[in-house]
Amino acid sequence: MSGSHEKRNLIIAGLIIGAIAGFLVLAGNPGNMGFCIACFIRDTVGGLGLHRAAPVQYIRPEIIGLILGAYLLSMIRGEHQSKGGSSPIIRFILGFFVMIGALMFLGCPIRMILRLGGGDLNALFGIAGFAGGIGFGTIFLKKGYSLQRTYALSKLESAMMPAIQVGLLVLVVAAPA
């Protein structure tokens, strides 16, 4: 893909995500959130009873839709590839700290930009922390750090996350919050 096509596609994707975030605010999501993956995962974890913060205990249909939509589209287009990697504990711990950082600064990168666009200058601290973390990680990569290669997963392993999401969808429909 050429540079101009890639830029165009990024702009279109940004406009679509912005429109979806605006729609989600109109549909009832908090004005400074709209579309925040970290927050949606936190809410879903609460909806499954794994934390007790009552205002954020809700199985989010947005996460279900993202995962099932991506899975189905990749299957339809013949592009589905499920990959796993080495060092699963290290990957889990790194992901855990990324999530803590995202929630500590009230959101994922998308929400940081939405908050900034809404005039919330506190988002600048989140963006600075995010940029600092990327810079710190880049130093490790330049010094040769790697989590090693990835490898293809079986069809059963590849279907586990979509199957879990179908189960969550059944819960949302059968017993909405």
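Taking the stretch 1-30 as the range and being loosely packed, with under 11 Cβ neighbours inside 10 Å and part of a loop (DSSP other than H, G, I, E, B) as the test, the residues that pass are Met1, Ser2, Ala27, Gly28. With a requirement of 2 or more residues that are closer than 28 Å to Leu15 by Cα and among the basic types (Lys, Arg), the helices (runs of 4 or more DSSP H) lying completely within the stretch 107-177 that satisfy it span 109-117. For the stretch 65-75, the candidate set comprises residues that are more than 11 Å from the chain's Cα centre (by Cα) and not aromatic (Phe, Trp, Tyr); within that set, the residue that is surrounded by the most Cβ atoms within 10 Å (Cβ to Cβ) is Leu68.
For the stretch 83-92, indicate whether the set of residues that are part of a helix (DSSP H, G or I), within 15 Å of the chain's Cα centre (by Cα), loosely packed, with under 13 Cβ neighbours inside 10 Å and aromatic (Phe, Trp, Tyr) is non-empty.
Start the filter on the stretch 83-92 by keeping residues that are part of a helix (DSSP H, G or I), which leaves 88-92.
Cutting the leftovers down to within 15 Å of the chain's Cα centre (by Cα) gives us 92.
This time we only want the ones that are loosely packed, with under 13 Cβ neighbours inside 10 Å, so: 92.
Keeping just the survivors that are aromatic (Phe, Trp, Tyr) gives 92.
Looking for residues that are part of a helix (DSSP H, G or I), within 15 Å of the chain's Cα centre (by Cα), loosely packed, with under 13 Cβ neighbours inside 10 Å and aromatic (Phe, Trp, Tyr), one finds at least one in the stretch 83-92, hence yes.
In the stretch 31-52, of all residues being surrounded by 16 or more Cβ atoms within 10 Å (Cβ to Cβ) and among the small types (Gly, Ala, Ser), the one that is farthest from Gly65 (Cα to Cα) corresponds to Gly46.
The set of residues in the stretch 35-67 that are in contact (Cβ under 8 Å) with a residue 24 or more places away in the chain, under 19 Å from Gly101 (Cα atoms) and assigned to a loop (DSSP other than H, G, I, E, B) comprises Phe35, Cys36. Tallying residues that are among the β-branched types (Val, Ile, Thr) and touching a helix residue (DSSP H, G or I) at 6+ places or on another chain (Cβ under 9 Å) within the stretch 100-135 yields 3.
Take Leu114 and tell me if it is among the aliphatic types (A, V, I, L, M), on the phi > 0 side of the Ramachandran plot and modelled with pLDDT under 85.
Numbers: among the aliphatic types (A, V, I, L, M): yes; on the phi > 0 side of the Ramachandran plot: no; modelled with pLDDT under 85: yes.
Answer is no for this residue.
The values are calculated or read from the model by the stated rules, or taken from the named source; none is laboratory data. What you see is a predicted model, and the numbers here were worked out from it, not measured in a lab. Because the Cβ atoms are built from the backbone with ideal geometry, glycine has one as well, and the counts that use them run over all protein chains shown.
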